Amino acid sequence: MEKTIIAEGKTTNEAIENGLKQLNVPKDCVDIKVLENEDKRSFFSILAPRIVKVEMTIKENKITPKKQIHLNKQEQEKAKQNLENFLKEFIKQLPEGTKYEITNTESHINVNITSQNLGYLIGYRGETLYALQNILSAIGGKGIENRIRVILDIGGYKEKREKTLEDLATKVAKTVTRTGQPIKLEPMQAYERKIIHSKLQKHSRVETTSIGEEPYRRIIVSLKNKNQ
């Protein structure tokens, strides 16, 4: 990976975002030096296109690959039993006929809850579902040294949400292509942003950039630079 780059944009923030996308690292992993500031413009350059340049250098020892989790059979069974003990009691509080299924892999545990009228467990844009998913991860990891990652789905919500986001990405891309104006989407979960990025990754006219900090991080869809 290139350690130092020069990025450009119409504003300092845009130049930084372009550089972060090129380096594929978070902002706290780079040193940033503004080479040309949009506020320092002479009278004779007022009609010239506004360009800001920033020099971005990856900090030493800042980029570390995420540790891949590998659960052994004993850890998988322990996590599964922890979740089983909780869910068999939790399910009693839900509508009659509610069922759950637990499956495990070397990297995570899947929990699927199915029933009618469980919208209150999903919440607005899945907020309640993700909160419950975090709780289940903590419960599953009780007494286990390895971090346990639980992936929860309720009533097939995630599959439906994925389709909705892919449709949204297509619609927004068409609007940006037609108007030439960037569109800023609402804040989303990381996995939801990944769906948007993946859907538009190979689009010939538009590109996607993530901005902001969690939990308000969001995507901007804009036209690609013609020079790219």
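The values are calculated or read from the model by the stated rules, or taken from the named source; none is laboratory data. What you are looking at is a predicted structure, and each value in this text was computed from that prediction instead of being measured. Cβ sites come from the backbone with ideal geometry, for glycine too, and all protein chains shown count toward neighbours.
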Tell me, please, whether a residue that is touching a residue at least 24 places away in the same chain (Cβ under 8 Å), touching a Lys or Arg at 6+ places or on another chain (Cβ under 6 Å) and surrounded by 14 or more Cβ atoms within 10 Å (Cβ to Cβ) can be found in the stretch 117-138. no
Would it be correct to say that LEU121 is within 21 Å of PRO215 (Cβ to Cβ) and at pLDDT 95 or above? no
Residue selected from the stretch 146-167 under the condition farther than 27 Å from THR98 by Cβ and free of Cβ contacts under 8 Å to residues at least 40 places away in the same chain, by the criterion surrounded by the most Cβ atoms within 10 Å (Cβ to Cβ): GLU166
Quick check, is SER222 polar (S, T, N, Q) and either at pLDDT 95 or above or touching an Asp or Glu at 6+ places or on another chain (Cβ under 9 Å) (or both)? yes
Out of contact with any Gly (no Cβ under 9 Å at 6 or more places or on another chain) and surrounded by 15 or more Cβ atoms within 10 Å (Cβ to Cβ), is that true of LYS199? yes
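Conditions tested, residue by residue: (1) within 26 Å of GLU17 (Cβ to Cβ); (2) part of a helix (DSSP H, G or I); (3) not assigned by TED's automatic domain parsing to the domain that holds VAL25.
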{"position": "LEU129", "(1), (2), (3)": "no, yes, yes"}
{"position": "ILE151", "(1), (2), (3)": "no, no, yes"}
{"position": "THR170", "(1), (2), (3)": "yes, yes, yes"}
{"position": "THR177", "(1), (2), (3)": "yes, yes, yes"}
{"position": "GLN181", "(1), (2), (3)": "yes, no, yes"}
{"position": "SER210", "(1), (2), (3)": "yes, no, yes"}
{"position": "GLU214", "(1), (2), (3)": "yes, no, yes"}
Assuming GLN116 fulfils every condition listed in (1) part of a loop (DSSP other than H, G, I, E, B); (2) within 22 Å of the chain's Cα centre (by Cα); (3) at pLDDT 80 or above apart from one, which condition is it? (2)
Could you tell me which residue of the stretch 178-196 is surrounded by the most Cβ atoms within 10 Å (Cβ to Cβ), considering only residues that are of a type in the set (Lys, Arg) and touching a residue at least 12 places away in the same chain (Cβ under 8 Å)? ARG193
